[in-house]
Structures are given as C-alpha cells and as structure tokens.
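The values are calculated or read from the model by the stated rules, or taken from the named source; none is laboratory data. In this text the structure is predicted, and so the values were computed from the model without any measurement. Note: ideal-geometry Cβ built from the backbone for every residue, glycine included; neighbour counts use all protein chains shown.
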Amino acid sequence: MIETETYTINIGPQHPSTHGGLHVEAIMDGEEVKDAIVHVGYVHRSVEKIAESRTYAQFVPYASRLDYLASHLPTLGYVQAVEKLAGIIVPERAEYIRVIVSELSRIASHMIFVGSLAIDLGATTGMVYCFRDRERIMDMFEMSSGQRMIASYMRLGGISADLPESFYPAVESFINDLPGMIAEYHGLISGNEILQERCKDVGILSAQDAVAYGVTGPNLRASGVDYDLRRDDPYGIYPRFEFRVPTGQNGDSWDRFMVRIEEMEQSGRIIKQALRDMPSGEIQAKVPRILKPEKGREVYHRVESSKGELGFHLVSDGSDKPYRVHVRAPSFINLMVLPLICRGGKLQDVITNIATLDPVLGESDR
Amino acid sequence: MEHLFTNIAQILTSWMVSLGLPPIWADLILLIGQWTIIVVIVTLNVIVLVWLERKISGFIQERLGPNRLGPFGAFQTIADAMKLLTKEDIIPSQADRWIFMTAPMLFIVIAVMLYAVLPLGQGMEVVDLNVGLFYFISLGSLSTICLLMAGWGSNNKWSLLGAMRSVAQMISYEIPLAFSLLGVVMLAGSLNLSEIVTAQNRYWFILLQPVAFLTYFIAATAELNRGPFDMPEAEQELTAGAYTEYTGMRWALFFLAEYTNLVAVSALAATLFFGGGQGPWLPSWLWIIIKTYLIMLVFMWMKWTFPRIRMDHLMSFSWKVLIPVSLANILITGLGIEFFRGMGW
Amino acid sequence: MIGKGLLKGLGITLKHGVEKPKTIQYPEQRPYLQERFRGCLEFDYKNCIVCGMCTKACPNNVLSFETAPIEGSKKKRLVSYTIDLQYCMFCNLCVEACPTNTLFFVHDFELSTYRRDEIKKVYIPPALTQVDAGGGQAELIPQDALEPDREAEAEAKRLKQLQAMKTALSKGGQKVLAKYVDTEEDAAVLANLLQADEKKRDKMAALIVDDKEKARKVAQAFVAKERKTQAGGEEK
Amino acid sequence: MVLNEADTRDGSSDVEQLEKHNIIVTTLEKIWNWSRARSFWPLSYGCNCCPIEMMASGAARFDIARYGYEVFRASPRQADLLIVAGPITLKMAPVVKRVYEQMPSPKWVLAMGNCATSGGPFRDGYSILPGADTLFKVDIFVPGCPPRPEALFHGLLELKKKVERGDY
C-alpha cells in the first residue's frame, strides 16, 4: 500500500488568476485538491467605516468602488436605499436612465467574466475580444458620466446629468451588435471542446447547498433555482420590463458560464424596452442639500447586482451622516462555497471555479 | 544556388587539405564551423521567432503588437534579450544549487543537438546518421529531465508541480510521437532522414499518412509544452511552473531552448511529411525554411486560439486516443504496404 | 463531431488576424475623448467667491483653501487654493456644488510625475504670488493661473494707450504722425485727413499702438491717396 | 549583473552599487539602459479597479504591446516593473513588500492610481497604507481613479525617459 502525504499550496494573494487579493490555501494530494481554505481581506479598505464619516451624498462614489466591474449597480443599490430611507421619489426619466446604465454595466461585468474565464483557462485571445467589446460600453459611460469605469453617475434622487445626444445611437448600435458578439464568444470560447471539457461537471454546486450557503445571483440560478430580485422582489421600475430569468440544471461551471451569457442577452432586451419607453422630463428630484433622515430609521434595500443580491443596510441617527452602513456583498457569500465545490477536484479546477464564481474582491472585502 | 552551401563546404575542405591538413582534421574543423553556424543561426532565429509570435498574437487580437523599435518593432526582442542579460541573477538560498544552475544549460544543449541530423537542404546535414530519426526522438525525450531538474532544484512547490506535470506529459506523449513516425519509416524503409526525404520524390507522406501527421502534430505540441498543452509553465495556474524561480539569463535559456525545439520539431515535420527540401524553382534549403516557418505559424496560431487542457484529460487523451490511433495507423500502413506489394506496385 | 469547435475557433482567430487592427496609437494619435470626460480638476481663481461649497461637497478632503478677511467688509479674499489630486475620486461632486464654475474638469489626463508632492496643485491669486514666492514656498504655481492675468493687464494697457492715441489724433497730433511719414508736409496732410475722418483715425490709432511698421505703410498710402484726390480735385 | 545578495537588498540603484565596487561603466551602462527602458516586463499584480484598466491596456484599443511592455509575468523573478495597482492594505503590505524583494534588480515601481499613490479615496480608512512609497521607492506616480489606459502609457513612457537617462 502506497501512502501519500498531503501538502499545502497557496494560490494567491499574488497570483495571476485570483481576481485581486484572494488567497486560497489548497490542501493537495498530488494534483487532487483535498480541501481548500479561502482567506479574504487582502482588499479590505474599511469602506463601511468610512461611510460613517461621510454624508449620504458623499458616499455615492465609494459605493461605485465596491463592485468596480459594474460600477453602476452598487451605486444604484446605495442611492435607492437612501431614497427609501429619506422617502425621496425619483423622476421617471431618471429611473429609466438608471435602468439603462445599470443593465449596460451588467453586460460589461459579464463580459469581463467571460474574458477572465478565458484567460484563466489559458485562452488569451478570448479575453482580448471581450475587452474590445467592453470598450464600447466604456465609451458610453464616458459619454454619459465622464468616467470610463468608476462612473459615479447616480445621485440621491436622480442622476448627475442627462444622457447626451450621442449616447442613443451608440447604445442602439451596441444592442444590435450584441447577438453577434455573443455568437463570437460562443464560437471562440464556449464552442471550444477543450473549454467544455474543463467546465462541464466541474465544481458542481447543488441547489440545496446553494440555498443553504446563501449563494445568490447567476451562481444560484445556474444551480437551477429560479430566483432573480429584479422579478421576485422588484425595485425601481423593473416590473415594467419583460425579460426571462435564465437558469441552469447542473450547477457546474459550464452552467454558470451559460447563465451569464444568456443574462447578457436579457439585459439587452431590457435596455431596448427602456429606450423605447423612456419619457422626457426631469432627471433630478428635489433633495435637501443637507439630507437628514429621521432618527432611528433603518432600511435594508437589495438589488440584483451582476454578482448576486447586493444589499445595503442603513441606520440613521438623525444627523447628515449614516450611523451604520452594512453591505451585504454577494461576492463574499458566493466565495464561501469555493471549498465545497473544489473538494475532490484537480488544481486546475480551482482556477476554473474561482473564475466561474466571478468574485469581485473589492466588494467581497469591502 | 541549389548547392551553394555544400559547394562552399567542399571548397573549404579542399582548401584546408591543400594547406597540408590531414582530411580528418579538415572535416573536424568544418564540423565545428557548422556547429557554430547552427548555434548562431538558432539564436538569431529565436529572436525573429519571438518577434513573429508577438506580432501574430497582436494581429489575431486585432492589435498591432510591438512596432516602436525598428521596422515593425523587429528589434524589440533584441532589447529584451539585452535586458535579460543584465538582470540580477538570483539563486534562492534553499535551492539545490548545482541542479538549479545546470538545468537550463543542459536544456539548451539538448535542443541544439537536435539539429545535428536535420537535413537543412539536399546534402546539408551536419551528420548523415543512418538512425537519424531514432537519434532525434531519443534526444528529444531527454529534455524532460532538464525540466525535472529545474523543478526539483528550485525547491518551490509550483516548480515541482510544473516539473511533475511535464514529466507525466512528456512520457505519455513520447509514445504516440514515436508511433506516428513509424508509419513514415515503414513507407520509406529507412531511419535516415535524408533517405526519407528522397523517398518522398513521388508523393509527400502527408498524403499517404494524414493520420500519422495529425498524431505527430498533437504529440509534438505536447512535447514542446506549447499551445493548449503548456502544462509545465501554465501561467494562470502555476504562476510560471518549472521556471518560477529562474531569473534573467537562466530563464532566457529555457525560453531559447523552447523556441529552438519548436524549430526542430517543425523542421522534422517538414522533412517527414512535406518532402523536406523538395519543391520547384527554389533551392532546397529555402524550401525547407519556408515549410518550417509555415508549420510554426500553425503552432502559434493554435497557441493563441485554444485554452489550456486539463492535466487528467491530457493524459487520458494520450493513452486512450492517440496511442490506439497511432497503433491502428501502423497496422493499416503495414497492411497497405503488403497489399500494394502483393499487387506488384 | 469532436474538433468542430476547435476548427471554428481557429477560423474566428484567422478572420480577425487578417482584419485591420483597432488600435489607437496613443502618443501619436490622441485618444477620442468624450465631451464630459473628467481628466484633471482645475481651478479658476477669478470666479471664486470663497463660499466653501466645494470643500463641503468633497467626500475626501481633496480641496482646501486659505482665506484672509478683507478690511472693512464681511467678505473674505482667497489666499491660496489647494487641489490635492492624489486623493481625488473624480466624482464630480465639487463641480456640481460650485455655484460659479470655478472648479471644472479638463481633458488632460497625462498627470504622471516622478515625485508624489508634485501631484498637489496650489493656486495662489496673482496679487499674492510675489509675497509667497519670496517666502520660499516650493509649491507649484500653475502657469495658466497667472497667464490670463498678464494678458488681461496687457489688454488694459493697450486700451489705455489706444484711447490716448485717439484723443491725440483728434486734436491734430502732427508730431506723432511725423514719425510715420517722410516729410512734415505729409504729416500735416495726414493729420487733416484723420481729423476729418473718424474711421480712418481709429484705424490709424490702433495700428500705431499695435504695429508700428504697418502703421507707416498705411500712413504713406493714406497720404498718397489724399494727394491724388487733391490733385484730381484741382484738375477738375 | 551579479552582485552580492547583501548589496542588492538595500534597494539602492545599480550605479551606486557599481561605484561602491569601483567598477566604472559608462558606455555599456548607456546601452543597458537603452534596452531596459524598452523592455519593462510588468508583474501581473493588482487588487482593485486599476488592474481592470491595466488589463484593458493590453486589449485591442490601447495595446500596450506597441511599446514592448506586454509581457506580463506571473512570477516576480522574471518581472522588471511592479505596477502597484490598487490600495495596499495592511494585510497585503507584507506580501507586496516580499514580492518586490523577490524581483531581480534593476527593478522599478509604478504606482498606478490614487490608491497606490497615497491611499486615495480610502485615506481615512484604518486598514490602508498611505501610499506605496512607504514600502519601497516608487519611480513614477500615475494619478487617476482609475487612470485611463493612456494615462498608464504616459506614465510608462515617462518612466522610459527616466530609465534612459539612467537616474533610477
């Protein structure tokens, strides 16, 4: 009988495919992973504590920096939470514009997901094509807000500026080209048998486990649980749009990939509808310059971010600064299933699993 | 033009003999000269190849690639090489010093030795060995040991993992590589590379042995640690695999050897399957260069398109697909030869 | 069939391989920046009313300023204004808060420096520049904070000269004009002409102030033309 | 060049080291600097928004490869340039410091973005290092939050000038 010893290998914190400062301590037996321990906190920037020393309006740019891949989505969650707290009603047009930019940033985030999966599996070219297409979204963000990535576009009670005229043709041509882009990803990345072999039946997350761990977003839907906050606990004007919630069956890496690809298509549909129905009018509600919500009020508001359920828990103490801000970060909770789905797999599957769980460390560590 | 280099060699030999040197000494001096020329050409060729690879990856990715230094960025690799020469040479304190230091040198020596038997044109091989193919394959499999030395000597888990992977991979792919070449050997009836080239006077062996070429191509990619089979380096998984602890020139030697191997393997493919130096109008040495470069372009194209295969799939692909297929190819080739011989062709 | 997807992938990369690259070659070709692009925060001291809205709006204490009271008034004047760009989030909150467009973003994104303290920008209104520079402060004083003012000063000076010249010319000004024509006689002719014609007088005054060389040519042309018309009139 | 390990640890530049050892190199040093300035191989390290722009700079629109700087190495042993992209937290600081020490000299550090320069937006946080220059010598700062890929290129080209002059 041959006895083998296990050994520990540290993936990260400085490692090309850990999406930032993630540290996975893998306990290995040869190429097989016996166990994995996730260490987070390498990008802990104390955002929640900083929020307590900023006024409600001043925290908006920080919220953008939580999930930097889709910077509009956490901003949307935060501003809607504050609006709920202070009872601000947002003008119609602003709501529509918010939906358009959030869905665009969802597409951008999923594009990075596809690209980073490709590069983590060794197909550099797939990443470059995804970034090439993402540039068009970045252009649109630059047009509307002035920044490419961290837009800080939304404000309490509205948005900072109306969309410029050049935005509409850009977004329309982008939506029209989106199916072609997705076809190309299918051709180059997901159609590839090597990639299919590496993703199918890798990192299976069962529906029970997913629910038990509190996994949300595309990762949950890939496990076959049909749950999307945009439809099941709607916020903003999402009930007005018609879209399908894609789900997978097996909960493996392949399903997580395909669910996101389909979500890009559905986001395209939502943007189309929003562009069609967008009314004209005000973009900014009247918000007092120094916003002081009632003392002792607290709200929890959640939005469907590109990573899952992104919640903001705000507590007011009657001053112009929040007493406590807590962020329920989907990446953090999704990452916790990593040991579960890595056990028994190969070392290379750990990389696939990290890539398909799509964590954003900025959001996870906060 | 056709016999340019062979003529030069002949003239040199006869000149040296006329000076009073014994012919054996003249041959030896010529041999050393040929080696030096090969080493210089290989090194310069790698500079071109690295540039080519960067340009090709650029074009595939809809960008330009290096274009600042020299025409079309052609001198970019020279700057890189000079920089690598002047980098600090770190040997980790916990490393196995001698193994760590000899691994890259051995790797490049083996890579250059492969060129000894390659006919780089008609009558243009350094040694006209009658077991040339055998020499090539057995020498090629030695490079595994260098990678293992590098991985073991570095005393780094990533390195060791990369080295182990490379050993497993090379051992598995050595077999289909050798088997796939057997078909060609059976057709040509010789292990001598120049005789195999002559045997392709009527048909290139790619037409008679397409399956063998395919298996050879896949196995060679794995042998080269390239493209979808770059397990030992596997940047996204093992940071830099077996080379993790190597700096500066030592690392560059590995890099150099990898590209040298690429050229050798492509030249062998051109020799065995594409008629070597045979072709109309142009001299034979030019033809083999053209063919080698075209095969290398396919290698690069593949590398920049495919994702990396998983280790266990890699192994099972070799043992479950490639080896049976190449064995069946040998069987069919043998039957075919017997059949055609029976027909009296 | 296994391998079909691989071939398709190869086809896609080949197709893009022969396409034209999409690269914008940065230092030679400038990137296409959108109108609202926020590259660098700038400050225009002339509009500043020292209200402090920007520092209140800024989430990260990027902006700070010093003031001094103006004697005999409740207002304050600006002593210096600091933008510490290394803490900036480019969030636009200060620009939105500013009532007078004092703060604005420009498209300049090339801000790299070798030293960290060079990132900080200190704007000092020109009246105080000399005093502070004498104090040995090594802070950066942006050129554009000073230059518009020099231009304005020059403009004011020029206007003053122009006005003086115009009055001089309307009262004759033979001595001034003598510099621009050959003889005293010509100067007299020109002076008469200019006294009569206001348009020509203004033109001449402007030319004398701005461009002496051109003024001489124009003056001689005027004299020649006047002579001609006079001669023509006599003939008739 | 091979120097004693103890000498390279203190972070001083090679020129100083060589002068200390009474080795005078002028023309060669110029040629070396010429090649070094044209071949920065960055370490693929980053932990926030800036790495995404760094990745974008390798993509089709911007193409960092034009300058020959696209060889992102995963192992610090083969890298020349540490692009500190993103905030250095107190937990990350020893890691970054170690990664820097593992790089062979001559090596350079580029602080990309405001977080790496000074702690940036998170300067008030309890867990953020006030700038990368508290850990090691930073050769060039690229302000921005995050800087455009072109701004990163500008920083790299400025660094190229600096290395070419030899004052690093």
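Details
- Residues considered: C:Glu139, C:Glu155, C:Glu147, C:Glu185. Of these, the only one that is in a helix (DSSP H, G or I), at pLDDT below 70 and out of contact with any Leu (no Cβ under 8 Å at 6 or more places or on another chain) is C:Glu147.
- Filtered residues of the range B:155-184 (kept if surrounded by fewer than 19 Cβ atoms within 10 Å (Cβ to Cβ) and within 17 Å of B:Phe205 (Cβ to Cβ)): B:Leu182
- At least 2 residues being within 14 Å of chain D (Cβ to nearest Cβ) and under 30 Å from A:Val350 (Cβ atoms) is the threshold, and among the helices (runs of 4 or more DSSP H) wholly inside the range B:196-289 those reaching it are B:235-238, B:248-273.
- When A:Glu25 is tested against the conditions (1) assigned to a strand (DSSP E or B); (2) closer than 26 Å to D:Pro42 by Cβ, the lone failure is (2).
- Test result for C:Val18, surrounded by 14 or more Cβ atoms within 10 Å (Cβ to Cβ) and away from chain A (no Cβ under 14 Å): no
- Residue within the range A:104-122 that is in a helix (DSSP H, G or I) and without any contact (Cβ under 8 Å) to a residue 12 or more places away in the chain present: no
- A:Ser53 closer than 30 Å to A:Ser160 by Cα and either touching a residue at least 24 places away in the same chain (Cβ under 8 Å) or at the interface with another protein chain (Cβ under 10 Å from one of its Cβ atoms) (or both): yes
- C:Asn61, sole failed condition from (1) within 11 Å of chain A (Cβ to nearest Cβ); (2) of a type outside the set (Ser, Thr, Tyr); (3) buried (at least 17 other Cβ atoms within 10 Å of the Cβ): (3)
- The lone exception for A:Gln196 - which of (1) within 8 Å of another protein chain (Cβ to nearest Cβ); (2) buried (at least 24 other Cβ atoms within 10 Å of the Cβ); (3) of a type in the set (S, T, N, Q) it fails: (2)
- Residues that are of a type in the set (S, T, N, Q), within 14 Å of chain D (Cβ to nearest Cβ) and free of Cβ contacts under 8 Å to residues at least 40 places away in the same chain within the range A:1-45 comprise A:Asn10, A:Gln14, listed in sequence order.
- The residues in the range D:62-100 that are more than 10 Å from chain B (Cβ to nearest Cβ) and not in a loop (DSSP other than H, G, I, E, B) can be counted, and the count is 14.
- Subset of the range C:22-39 that is crowded, with 20+ Cβ neighbours inside 10 Å and more than 10 Å from chain A (Cβ to nearest Cβ) - its residue that is nearest to C:Val122 (Cα to Cα): C:Tyr26
- Among (1) away from chain A (no Cβ under 14 Å); (2) in contact with a strand residue (DSSP E or B) (Cβ under 8 Å, 6 or more places away or on another chain), the one test that B:Met311 misses: (1)
- Entry remark, the range D:117-168: residues being closer than 26 Å to A:Arg366 by Cβ, of a type in the set (Gly, Ala, Ser) and part of a loop (DSSP other than H, G, I, E, B) number 5 in total.
- Taken over the range C:40-58, the criterion of being more than 9 Å from chain A (Cβ to nearest Cβ), free of Cβ contacts under 8 Å to residues at least 40 places away in the same chain and part of a loop (DSSP other than H, G, I, E, B) is satisfied by C:Val50, C:Gly52.
- Taking the listed residues D:Asn114, D:Asn48, D:Asn33, the one that is at the interface with another protein chain (Cβ under 7 Å from one of its Cβ atoms), in contact (Cβ under 8 Å) with a residue 60 or more places away in the chain and touching a Gly at 6+ places or on another chain (Cβ under 6 Å) is D:Asn48, with no other qualifying.
- When B:Met315 is tested against (1) of a type outside the set (Gly, Ala, Ser); (2) within 20 Å of the chain's Cα centre (by Cα); (3) closer than 18 Å to B:Ile171 by Cβ, only condition (2) is not met.
- Pair list, Cβ under 8 Å, 6 or more apart: the range A:284-295 residue without any contact (Cβ under 8 Å) to a residue 40 or more places away in the chain and basic (Lys, Arg), other residue surrounded by 15 or more Cβ atoms within 10 Å (Cβ to Cβ) and not in a strand (DSSP E or B): A:Lys292/A:Asp320
- Flag for C:Thr13 being β-branched (Val, Ile, Thr), part of a helix (DSSP H, G or I) and surrounded by 15 or more Cβ atoms within 10 Å (Cβ to Cβ): yes
- Long-range neighbours under 9 Å by Cβ, at least six apart or interchain, first residue away from chain A (no Cβ under 13 Å) within the range C:86-110, second part of a strand (DSSP E or B) and of a type in the set (A, V, I, L, M): C:Leu103/C:Leu41; C:Leu103/C:Leu63; C:Leu103/C:Ile83
- A:Arg98 being touching a helix residue (DSSP H, G or I) at 6+ places or on another chain (Cβ under 7 Å), within 30 Å of A:Pro279 (Cα to Cα) and more than 8 Å from every other protein chain (Cβ to nearest Cβ): yes
- Among residues of the range B:60-77, those that are within 7 Å of chain D (Cβ to nearest Cβ) and either on the phi < 0 side of the Ramachandran plot or charged (D, E, K, R) (or both), counted: 9
- Restricting the range D:126-160 to residues that are more than 9 Å from chain C (Cβ to nearest Cβ) and without any contact (Cβ under 8 Å) to a residue 40 or more places away in the chain, the residue that is farthest from A:Ile150 (Cα to Cα): D:Thr134
- Residues located in the range A:318-341, provided they are touching a residue at least 60 places away in the same chain (Cβ under 8 Å) and more than 22 Å from the chain's Cα centre (by Cα): A:Asp320, A:Lys321, A:Pro322, A:Tyr323, A:Arg324
- Meets criteria (among the hydroxyl-bearing types (Ser, Thr, Tyr), within 9 Å of chain A (Cβ to nearest Cβ) and either farther than 28 Å from A:Asp162 by Cα or in contact with a Lys or Arg (Cβ under 9 Å, 6 or more places away or on another chain) (or both)) for C:Thr13: yes
- Flag for B:Leu297 being in a helix (DSSP H, G or I), buried (at least 20 other Cβ atoms within 10 Å of the Cβ) and within 14 Å of another protein chain (Cβ to nearest Cβ): no
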